[in-house]
Structures are given as C-alpha cells and as structure tokens.
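Peer 1: Handing you this structure, nothing more for now.
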Amino acid sequence: MQRAELVQAFVLHRRPWEDNGSIIELFTATHGRLSAFARGVRGTKAKLAGVLQPFVPLLVSWAGRGEAPRLIHAEIDHATLPASPLPPARMMSAWYCSELVLALTARHDPQPELFACYRGVLEGLRTDARQEKVLRLYEKRLLEILGYGIAGLEEARFDDPEELERLRPVLKARMTQCLEGRDLRTRDVAISLKQFERSWQGH
C-alpha cells in the first residue's frame, strides 16, 4: 500500500465520481502527477469543496493500492499561499498551463523542477502585467525540463515585444509537435472555469 502525508500539490482537474465524490488530478512536488479518489467532496456541506480548487497551493495526503489511491486529507498550504488570488482575467491562461502539464507528463513520474516552474507561472500570472512574456517563458521552460527544448533560445529577449512575436510561432510549433495531435480540452476547461467561478462567488 502506498501512503503519503502532507505533500505539496495543486489540483489540475477534477470530475464527478459517484454521488458526492470526485476524481482529482493532482500535480505534486514529490510524486509527479496522480489521480486520487475523494469521497464527500461535492455539495454544500462538503468540507473540502472549497479547498480542492485549482491554482491554490495545497498539502494533501493519500493512501491505497494501484494507480489511483484514496485522498484522505487536504488543506491549504498557508505557508505558500499568495496574498491575493489569481485575477479572473488570467484564469484561462492558468488553465492552459495546467492543461500542458496534464497533456505532456506521465502519472507517477516525479517532476520537482516542473512543479516549481508551474508554481512560478501561477505567481507570474498573479503579479506580472506582461502576460504574454509569462506564458512564453513557461512554455520555453516546460519544454526544456521535459527534454524538448529548442536550441538557440538561450539568449532570447522575452522582455522585447517584437522578440515575443517572433518566438510565439516557434514555441507553438514545438508544442504542437509534442502534443502529437492531442487537443487540449478547451471545452472541459471552460466548463471547469465556470464551476470554479460559481464556487468562488459562493465563499
């Protein structure tokens, strides 16, 4: 039986399971990406409904056998919780960053460097007015970490708007190649965003 206690994590995606449960796709600092079954986390009386939200740093514990263990605890990681939430106008960009992790990583493959990169891009989307720069830097770094880096970008000037215009199609082409025809789940992302906004408004 595998068991983990108070591991740093983010929720990448969640979908309903049984009457009041969810299957949570987590990105963790030490165990990579994994799915966990969570009971009693949906509904107005569910204590964890407001905790298991995307883009919020968490500490999670799980136990069980097989590929998908049972989530037994989750709490907000107040030590790393940003002072302000992600601006609504940046939500879709943050979902895009999460979708890339979902699409390009394997389950149970520890990626501590990518976890730090993901945390960093969320912070950048919260605080940096230059959204385009934040996203392109994230794409570049993600590709490098996963072994798909593009030669010649070491000296790229991401602060230069004209340089960003040149880099966008280059990064997009490599990302498309890595995705191998898999579409990002834009419809699921839009639905999840609406659910998140309703949940946020209710707190």
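The values are calculated or read from the model by the stated rules, or taken from the named source; none is laboratory data. The model shown is predicted, which means the values in this text are computed figures rather than measured ones. Cβ placement follows ideal geometry from the backbone for every residue including glycine, while neighbour counts extend to all protein chains displayed.
Peer 1: Out of (1) farther than 25 Å from Y148 by Cβ; (2) β-branched (V, I, T); (3) at pLDDT 95 or above, the odd one out for I72 is which?
Peer 2: Unmet for I72, out of (1) farther than 25 Å from Y148 by Cβ; (2) β-branched (V, I, T); (3) at pLDDT 95 or above: (3).
Peer 1: Looking only at strands (runs of 3 or more DSSP E) that fall completely inside region 1-99, which ones have 1 or more residues that are of a type outside the set (G, A, S) and exposed (fewer than 14 other Cβ atoms within 10 Å of the Cβ)? Walk me through how you get there before you give the answer.
Peer 2: Numbers: elements: 2-17, 21-28, 32-38, 58-64, 70-76.
Fully inside region 1-99 and qualifying: 2-17, 70-76.
Peer 1: List every residue pair whose Cβ atoms sit under 8 Å apart, with the two residues 6 or more apart in sequence or on different chains, where the first one lies in region 150-179 and is within 21 Å of D128 (Cα to Cα) and the second, anywhere, is in a loop (DSSP other than H, G, I, E, B).
Peer 2: Sorted first by the residue in region 150-179, then by its partner, the pairs are D159/R130; E163/A156; E163/R157; L164/F158; L167/L153; L167/A156; L167/F158; L171/I150.
Peer 1: For the condition outside the structural domain of Y118 (by TED's automatic domain parsing), at pLDDT 85 or above and at positive phi, what is the one hit in G43, G64, G21? It would help to see each step written out before you state the result.
Peer 2: Working: G43 fails: at pLDDT 85 or above; G21 fails: at positive phi.
After ruling out the rest, the residue left standing is G64.
Peer 1: Please find, among L114, L102, L122, L153, the residue that is assigned to a helix (DSSP H, G or I) and either farther than 19 Å from L59 by Cα or of a type in the set (F, W, Y) (or both).
Peer 2: Result of the check over L114, L102, L122, L153: L102.
Peer 1: Further question: So is A106 of a type in the set (G, A, S), surrounded by fewer than 17 Cβ atoms within 10 Å (Cβ to Cβ) and within 30 Å of R3 (Cα to Cα) or not? So that I can check it myself, show each step before the final result.
Peer 2: Numbers: of a type in the set (G, A, S): yes; surrounded by fewer than 17 Cβ atoms within 10 Å (Cβ to Cβ): yes; within 30 Å of R3 (Cα to Cα): yes.
Yes, satisfied.
Residues checked against (1) at pLDDT below 90; (2) over 22 Å from L12 (Cβ atoms); (3) surrounded by 15 or more Cβ atoms within 10 Å (Cβ to Cβ):
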site: E155; (1), (2), (3): yes, yes, no
site: D160; (1), (2), (3): no, yes, no
site: L167; (1), (2), (3): no, yes, yes
site: L171; (1), (2), (3): no, no, yes
site: G181; (1), (2), (3): yes, no, no
site: R187; (1), (2), (3): yes, no, no
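Peer 1: Further, regarding this structure: So which pairs qualify, if the first residue must be in region 50-62 and closer than 7 Å to A9 by Cα, the second must be crowded, with 19+ Cβ neighbours inside 10 Å and among the aromatic types (F, W, Y), the Cβ gap must be under 9 Å, and the two must be at least 6 apart or on different chains?
Peer 2: Short answer, once both residue conditions are applied: P57/F10; L58/F10.
Peer 1: Could you check Q131 against (1) of a type outside the set (D, E); (2) out of contact with any Cys (no Cβ under 7 Å at 6 or more places or on another chain); (3) loosely packed, with under 14 Cβ neighbours inside 10 Å and say which number it fails?
Peer 2: Condition not satisfied by Q131: (3).
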